[in-house]
Amino acid sequence: MDLNYSKDDLAFRDEVRAFLSEKLTKELSEKVRLGGDLTKDDMEGWHAILNAQGWLAPNWPKEYGGAEWNAVQRHIFDDECASAHAPRVVPFGLSMLAPVLQKFGNQQQKDHWLPRILSGEDWWCQGYSEPGAGSDLASLKTKALREGDHYVVNGQKTWTTFGQHANMIFCLVRTDSTVKQQAGISFLLIDMNTPGIEVRPIILLDGSAEVNEVWFTDVKVPVENLVGEENSGWTYAKYLLTHERTNIAGVGFSTAGLAAVKRIAKAEICGGKPLIRNPLFAARVAQVEIDLMAMSTTNLRIVSQAAAGGAPGVEASMLKVKGTIIRQEINDLARRAVGPYAMPFVSEAVEGSNEPLPDPHDAGPVAAQYFNNRKISIFGGSNEIQRGIIAKVKMGG
Amino acid sequence: MNFDLTDEHQMLQDSLRRFLKYSCNSETRNEVLNSETGITSDLWHAMAEMGVIGAFFTEEQGGFGGTGADIALIFEELGRANGVSPFLDSALLSGRILAAAGELDRVADLIGGDLQLALAHGEPTSRYDLNYVRTTAVNGTLNGRKAVVMNALASDVLIVSARTSGEVSDEDGISLYFVEKNAAGLTIQDYALIAGGHAGEVTLDNVEGSLIGEEGKGFALLKDAYAIATVAQCAETLGAMTTATELTQEYLVTRQQFGRPIATFQALAHRMADMLIEMEQARSAVIRAAGYFESDERTRDINIHAAKNLMGRAGRLISEESIQMHGGIAMTQEYELAHIAKRITMADHRFGDTDYHLERFIALTQS
Ligand SMILES: Cc1cc2nc3c(=O)[nH]c(=O)nc-3n(C[C@H](O)[C@H](O)[C@H](O)COP(=O)(O)OP(=O)(O)OC[C@H]3O[C@@H](n4cnc5c(N)ncnc54)[C@H](O)[C@@H]3O)c2cc1C
Ligand SMILES: Cc1cc2nc3c(=O)[nH]c(=O)nc-3n(C[C@H](O)[C@H](O)[C@H](O)COP(=O)(O)OP(=O)(O)OC[C@H]3O[C@@H](n4cnc5c(N)ncnc54)[C@H](O)[C@@H]3O)c2cc1C
């Protein structure tokens, strides 16, 4: 056992740091730090910078243009990016769809779609959830009927993150209603500009416009956009979900978040002393820090094991549950730390107006972030569903 | 002992609940949220007409109530209906200061619904400390900055605290002043609040004020007014928590996944049970804070600190669990629960948070 980074790891870390300090503009990192809404251009611009460096797809095999980093390298990269307040990479094309295409797509699909993900020509969104099919994803109803060389799609998807930016959506659709639910689902790639698609925004409780409803009325999709076999979509969907859960621990976000909490708590005065010296608050911070230290090692242990033997299974569920609890706890600390200044609704101020922030901590909309991040224990398989998976795998049933 | 409401209180509760149910809906709420100042005068005047503001004051002060129990009852109903209106700050907190200082003409205007007030006390570095005042007053001329002043822009007159003597954290030497909203040298940077309503940063640059009460004796007025406001805040949060719990309960038995209501999953059912247990605890804490309000100061304060600490903890549980057990739907602006959850959480940032009241509770009970 050796808990220290090797010489190569340290060299890699220096390389990442040098890259970030050269390529990440102050303007962009400040926006990320203050929780401002990133524009499509912001996100695409950052993707292009990473792609030029060959670092956009750490998980992809080299043959497709990936970096093929090991677990420690990925950990270092995530950690450094989060501490530098780099934008997060939009995962839908890169880490959700791409692994499915690499494993189940035909050659033509791989050749066509994968390079476009890297180049940013396509922006993908994920069309899984429906109003009636959340945790019970297999009950989805959006229908695709085969008519000659097309499928005709009717139905509704919801919670579609960044559907407003996307030109492509990968969807789970029902192609057979006569069999067991899981056995009648297919995986379709759909051009968002096809007639019959309507995207309607859903405003979240912090005022952000990141998710959408996507409606399909007689939408014609060429059959070559079917991935794998008809009615085998459930297998691909589950494969995708295991990838969705890698980097789910969010150790980098937590590390950066905790550093921000400490920074605020050093500046905030409580009873004549810095808040960080208040025993009650200090105890809250220390408790989370202890959890995070262990989590960071849990994450490395699990990711290294998985690298040796494929995608992580039940351990990914463990990382998701504990990782989201820690992140949400840090959001809670941040809102506590700023005191009465948690109350102003400042997200608009961050976005563009020239009004100075009322909050003297320069901490950004910490309460809005607290509310927005309630989502992380709900989406991608809720924490209840993850606990169910852990229990089932360990105890049967 | 008797835990029943008096007949009068029962009637007040019934009529308030009926009225608020009809007048606070998502439409009126959105109207308030989108308004320039964060209030609608309709609800304010209707409530004043019903005598609600009068119930914040004793008969000697020109009202017909004023006890902890009167106030808790009203604010619980406001919280339950999720009505966004500055009753707590404009009428109760500011009004009680004026009543105690003998400014009864202004109190009468307030009771009639014709006056909007704002208390400008907290400062950018005071956090929740009541005694911390850096703003100065010299011969009635005020200089300084006040932070997150509720209802500042909608107010007609502000009550501003300023130091006339002593060190920055001394209880003695804090004086209170009326400052007209349009006074020269006064600026308000107004902003919306995440849980509804508006507040502002108030800057005082050689502003003329007129003294309220005795010079240097403002702290006692502030302390008593904050005490009743904290009771009201706890009661309002209790009402909001009740609605959050009811909405969640309803949703769990309605929402189907895997072919059955999600309430049938024990992972959720037990947590609903825990929420209901915490609701009973929260109700008892509020009853104690309200019921002991007229006791000696130490008993009063112990129960207020206990209540605000407990509401901070139980409130967090109720709001987070309500959202989690709803799933995605609770994350949307359109669904009532989102607003209620924000209100519950943001209540922890008013009049001292969970830890602030824990520290004061420890100081009073373990010394
Ligand atoms: C901000 C946000 C972004 C999203 N982005 C996307 C996206 O881009 N694409 C996409 O397809 N989807 C997306 N989702 C949808 C997300 O995956 C679903 O919200 C999630 O699957 C939960 O479904 P639901 O919201 O319908 O809740 P429900 O499934 O109705 O669950 C309600 C509650 O019941 C619990 N529950 C359900 N079943 C069980 C059980 N068997 N045992 C115990 N508890 C149970 C849940 O854990 C939850 O607490 C997003 C959601 C949010 C909030
Ligand atoms: C100190 C002591 C004194 C006692 N005194 C008396 C007495 O005076 N008279 C008497 O009749 N009995 C008495 N009991 C017995 C007591 O009532 C039983 O222990 C109790 O009913 C639990 O039964 P069990 O121990 O068989 O556990 P089990 O019923 O086998 O339960 C094991 C675990 O499973 C959980 N569990 C069981 N069913 C469910 C479910 N449906 N959903 C979720 N969780 C579940 C339980 O909560 C427990 O955690 C006593 C027990 C103790 C320890």
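The values are calculated or read from the model by the stated rules, or taken from the named source; none is laboratory data. Note that the structure is a prediction, hence the values are computed from the model and not measured. Cβ placement follows ideal geometry from the backbone for every residue including glycine, while neighbour counts extend to all protein chains displayed. Calculation scope for accessible area: heavy atoms of the full protein, side chains included, ligands and nucleic acids excluded. Shrake-Rupley method; radii C 1.70, N 1.55, O 1.52, S 1.80 Å.
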Please indicate, with yes or no, whether at least one residue in the range B:192-201 is open to solvent by 60 Å² or more (accessible area, probe 1.4 Å), within 14 Å of chain A (Cβ to nearest Cβ) and within 27 Å of B:Met346 (Cα to Cα). no
Residues of the range B:120-136 that turn out to be hydrophobic (A, V, I, L, M, F, W, C) and within 13 Å of another protein chain (Cβ to nearest Cβ), as a count: 2
Top-ranked residue in the range A:219-247 [being open to solvent by 30 Å² or more (accessible area, probe 1.4 Å) and of a type in the set (Ser, Thr, Tyr); ranked as farthest from ligand 1 (Cβ to nearest atom)]: A:Ser232
Is it the case that the range A:106-119 has a residue that's in contact (Cβ under 8 Å) with a residue 12 or more places away in the chain and assigned to a loop (DSSP other than H, G, I, E, B)? no
Could you name every one of the strands (runs of 3 or more DSSP E) located completely within the range A:152-218 that has at least 2 residues being more than 13 Å from ligand 1 (Cβ to nearest atom) and without any contact (Cβ under 8 Å) to a residue 40 or more places away in the chain? A:197-202
I'd like the full set of residues that are of a type in the set (A, V, I, L, M, F, W, C) and open to solvent by less than 40 Å² (accessible area, probe 1.4 Å), limited to the range A:33-57. A:Leu34, A:Met43, A:Trp46, A:Leu50, A:Trp55, A:Leu56, A:Ala57
The number of residues in the range A:52-96 that are of a type in the set (A, V, I, L, M) and more than 15 Å from the chain's Cα centre (by Cα) is 6
Residue hits (the range B:85-127; of a type in the set (Ser, Thr, Tyr) and buried (at least 21 other Cβ atoms within 10 Å of the Cβ)) are B:Ser85, B:Ser90, B:Ser94, B:Ser126
Sort out for me the strands (runs of 3 or more DSSP E) sitting completely within the range B:171-261 that have 1 or more residues that are aromatic (Phe, Trp, Tyr) and more than 16 Å from ligand 1 (Cβ to nearest atom). B:174-180, B:186-192
Scanning the range B:311-324 for residues that are among the charged types (D, E, K, R) and more than 9 Å from every other protein chain (Cβ to nearest Cβ), the one surrounded by the fewest Cβ atoms within 10 Å (Cβ to Cβ) turns out to be B:Arg313
Residues within the range B:325-367 that are at the interface with chain A (Cβ under 8 Å from one of its Cβ atoms), within 16 Å of ligand 1 (Cβ to nearest atom) and assigned to a loop (DSSP other than H, G, I, E, B), tallied: 3
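Can you tell me which of B:Leu20, B:Leu12, B:Leu5 is closer than 17 Å to B:Leu78 by Cβ, surrounded by fewer than 15 Cβ atoms within 10 Å (Cβ to Cβ) and aliphatic (A, V, I, L, M)?
B:Leu5
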So which of A:Ala265, A:Ala294 ends up being open to solvent by 40 Å² or more (accessible area, probe 1.4 Å), in a helix (DSSP H, G or I) and modelled with pLDDT of 95 or more? A:Ala294
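Name the one entry in A:Ala138, A:Ala98 that is within 14 Å of chain B (Cβ to nearest Cβ) and in a helix (DSSP H, G or I).
So the residue among A:Ala138, A:Ala98 that is within 14 Å of chain B (Cβ to nearest Cβ) and in a helix (DSSP H, G or I) is A:Ala138.
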Among (1) within 12 Å of ligand 1 (Cβ to nearest atom); (2) over 23 Å from the mean Cα position of the chain (by Cα), the one test that A:Gly148 misses: (1)
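The rows are residues; the columns are (1) surrounded by fewer than 22 Cβ atoms within 10 Å (Cβ to Cβ); (2) in the same structural domain as A:Leu28 (by TED's automatic domain parsing).
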residue: A:Asn70; (1), (2): yes, yes
residue: A:Cys81; (1), (2): no, yes
residue: A:Ala84; (1), (2): yes, yes
residue: A:Leu140; (1), (2): no, no
Could you tell me which residue of the range B:262-298 is farthest from the other protein chains (Cβ to nearest Cβ), considering only residues that are away from ligand 1 (no atom under 16 Å from the Cβ) and open to solvent by less than 50 Å² (accessible area, probe 1.4 Å)? B:Ser295
Identify, by number, the condition in (1) open to solvent by 50 Å² or more (accessible area, probe 1.4 Å); (2) away from every other protein chain (no Cβ under 14 Å) that B:Leu238 doesn't meet. (1)
Checking A:Leu101 against (1) over 16 Å from the mean Cα position of the chain (by Cα); (2) within 16 Å of ligand 1 (Cβ to nearest atom); (3) open to solvent by less than 10 Å² (accessible area, probe 1.4 Å): exactly one of these is not met. Which one? (2)
Given (1) more than 16 Å from ligand 1 (Cβ to nearest atom); (2) touching a Lys or Arg at 6+ places or on another chain (Cβ under 6 Å); (3) not hydroxyl-bearing (Ser, Thr, Tyr), A:Gly127 misses just (1)
Positions within the range A:361-397 being open to solvent by 20 Å² or more (accessible area, probe 1.4 Å), small (Gly, Ala, Ser), in contact with a helix residue (DSSP H, G or I) (Cβ under 9 Å, 6 or more places away or on another chain) and on the phi < 0 side of the Ramachandran plot, in sequence order: A:Gly388
Scan of the range B:231-258 for residues that are of a type in the set (S, T, N, Q) and under 23 Å from the mean Cα position of the chain (by Cα), ordered by number: B:Gln233, B:Thr237, B:Thr242, B:Thr243, B:Thr245
